[in-house]
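Note sheet for the following structure.
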């Protein structure tokens, strides 16, 4: 039976979470199962308290055996000019035919509800080993757009001082960004991401210009306070690249997760190949080590140069996530 899931009915979900086949915080391998479940229920509660939330759960014999939670994405919607939302949670017990049937019901119930509400595009990200969820999404019309590898650096296992990423240009200087740098960083973003291969560019139904504009707005929002530190690389006084970082989120702090996030970096094409990206990464890591044990950064599966640099710098691949889009209306 599919029923509504909200803060009034979340009590049954608490007991079910340890039995479901999703592993929260999979990239942080040192956490206990109790830590993971506590974080997950907090995360789900945050999702359900948002005004746009829609949640459903599958219940059999009084027990929850699967659930789905959705929210509108105002940021994506504003940039794309379309009503876009995200399936923030999707999980089920087991991975056999019964699990597949439950996932189909949950996804179908949600997409019908969203179509009636006028949502145009639905995004869902799932871990690459969640086969039942992947197959259910594809069978309900969701299309795979990209795969992100979750890289993690652990200061307890590796040292920045031991990192050797090659010789750097002597004319290179790295400093913290100033407000006056924004136009130059926006120009670099337009160059680098005009023909990128992420999920926004991969989607043929994305409005013209929206994929690059999403990255530009990402940089703009970083200057508006979304980032905790932005580093700028200069070569002979000319801005040639940047790196954007964040400290732990509030929910991560509540659960004593000592992490920092590498969000985005870009190097002007005319300066690529001179060790600039590596230098930006290492300086960002030096800032983060004063308050974080683990650094987290997503990298596109096709971005082999960045993967190579991170692995040389002591980062490890700790997981992978697939991104799916489904357009309910054009």
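Relative to the dominant Cα principal axis of the chain, helix 97-117 is inclined by about 80°.
Seen against the Cα atoms of the chain and their longest principal axis, helix 182-193 is set at about 70 degrees.
Sorting the segments 143-154, 245-256 by their mean number of nearby beta carbons within 10 angstrom, highest to lowest, gives 143-154, 245-256.
Put in line by how crowded their Cβ is, counting other Cβ atoms within 10 Å and starting with the fewest, 201, 322 read 201, 322.
Taking every C-alpha pair closer than 8 Å and separated by at least 6 residues, the mean separation divided by the residue count of the range 151-320 gives a relative contact order of 35 percent. Can you bin the range 240-330 into rounded, prolate or oblate? Criterion: square roots of the alpha carbon gyration tensor eigenvalues sorted a ≥ b ≥ c, rounded for a/c under 1.5, prolate for a/b above b/c, oblate for the rest. Here the range 240-330 falls in the oblate category. DSSP beta bridges fully contained in the chain are about 90 percent antiparallel.
Computed per residue of the chain from DSSP H runs no shorter than four, each worth -39500 (n - 2.57), the mean residue ellipticity at 222 nm is -10500 deg cm²/dmol. The slack in the chain from residue 187 to residue 45, taken as 0.36 nm per residue of separation less the alpha-carbon distance, amounts to 47.2 nm. Please state the shape class of the range 2-141: rounded when a/c is under 1.5, otherwise prolate if a/b exceeds b/c and oblate if not, all from the C-alpha gyration tensor. Cα axes put the range 2-141 in the rounded bin.
When DSSP beta bridges are limited to those with both residues in the range 2-141, what percentage is antiparallel, rounded to the nearest 5?
Counting DSSP beta bridges with both partners in the range 2-141, the antiparallel share is about 80 percent.
In plain terms, the residue of 217, 138 with the fewest other Cβ atoms within 10 Å comes first and the most crowded comes last, giving 138, 217.
For the chain, the longest principal axis of the alpha carbon atoms and the long axis of helix 210-221 meet at an angle near 70°. Each Cα pair under 8 Å and six or more residues apart adds its separation to the average, and for the range 239-330 the resulting relative contact order is 26 percent. One chain, two ends: residue 272 and residue 171. Fully extended at 0.36 nm per residue, the span grows by 35.0 nm beyond their Cα-Cα distance. Our note on the geometry: Cα centres of the range 182-234 and the range 254-276, 13 Å apart. Cα centroid distance between the range 315-330 and the range 1-51, in Å? Computed from Cα coordinates, the inter-centre distance equals 20 Å. Extension gain, residue 116 to residue 77, is 12.3 nm, computed as 0.36 nm per intervening residue step minus the present C-alpha separation. Mind running the shape call on the range 151-320? Use the C-alpha gyration tensor, a ≥ b ≥ c as the square roots of the eigenvalues: rounded below 1.5 for a/c, prolate if a/b tops b/c, oblate otherwise. Because its axes are fairly even, with a/c under 1.5, the range 151-320 counts as rounded. By other beta-carbon atoms within 10 Å, ranking 313, 159, 128 with the fewest at the front produces 159, 128, 313.
Bear in mind that the values in this text are calculations on the coordinates, not laboratory data. Given the structure is predicted, the values throughout are model-derived calculations rather than measurements. Every residue, glycine among them, receives a Cβ derived from its backbone with ideal geometry; neighbour counts consider all protein chains shown.
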